[in-house]
Amino acid sequence: MKKLLTKNEVCELLAISSSTLDRIVADGNLQCLRVRGQIRFLEDDLLQYLSTCGVDKHPVPMPEPRKRCKRHAAPRKPRSIPPDELPPQLRYIPGMKVV
């Protein structure tokens, strides 16, 4: 007879939480048996699941770095505009009276 593992034993072996194990079972990646309302796992099924974990069928792309919001962004340096690009009313002419 093949060895049956409890849910807690499988969680300890895989170093995952019970909710993660529930998702793995719900996705159909790992088969389980129900014995009088209790969940059990065959050791062979667990080994087969582990052998498929190393192969990534659909690699997940790395997310782009998040942009910082204006509040936490570094302050921008003011852009200096050459005097010849300023509109006439904003140009300073030496000797001009500034009011």
Order 77-85, 4-12, 19-27 from most to least packed using the mean count of other Cβ atoms within 10 Å. 4-12, 19-27, 77-85
With the cut-off at 1.5 for a/c, could you classify segment 4-53 from its C-alpha gyration tensor as rounded, prolate or oblate? rounded
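Just so you know, all these numbers are worked out from the coordinates, no wet-lab data involved. A quick note: this is a predicted structure, and the numbers were derived from the prediction, not measured. Positions of Cβ are backbone-derived with ideal geometry, glycine not excepted, and every protein chain shown enters the neighbour counts.
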